[in-house]
Amino acid sequence: MPERLNPRLLEVIACPRCLARLQYDAENQRLVCRYEQLAYPIENGVPLLVAEKAEKITD
């Protein structure tokens, strides 16, 4: 079962590239920026908001 992310965190966290609000993808354990089309992984409950860790998404 995937870990849950604190909902209050989503109120204050933003994309490090464009400062847009991130969406939580619980199934894939990642935070998604729709503007930059990037997904930032969440490892052990900690979002990794580092450009080198981000993956380009196409959906």
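Before moving on, here are some points about what is shown:
- Taking the criterion of being within 11 Å of the chain's Cα centre (by Cα) and either surrounded by 15 or more Cβ atoms within 10 Å (Cβ to Cβ) or on the phi > 0 side of the Ramachandran plot (or both), the residues of segment 22-36 that qualify are Leu22, Tyr24, Asp25, Gln29, Arg30, Leu31, Val32, Cys33.
- Restricting Arg4, Arg21, Arg8, Arg17 to those that are in contact with an Asp or Glu (Cβ under 6 Å, 6 or more places away or on another chain) and of a type outside the set (Asp, Glu) reduces the list to Arg17.
Bear in mind these aren't lab numbers, they're just calculated from the coordinates by the rules spelled out. This is a predicted model, so every value here is computed, not measured. Don't worry about glycine lacking a Cβ; one is built from the backbone with ideal geometry, like all the others, and counts go over all protein chains shown.
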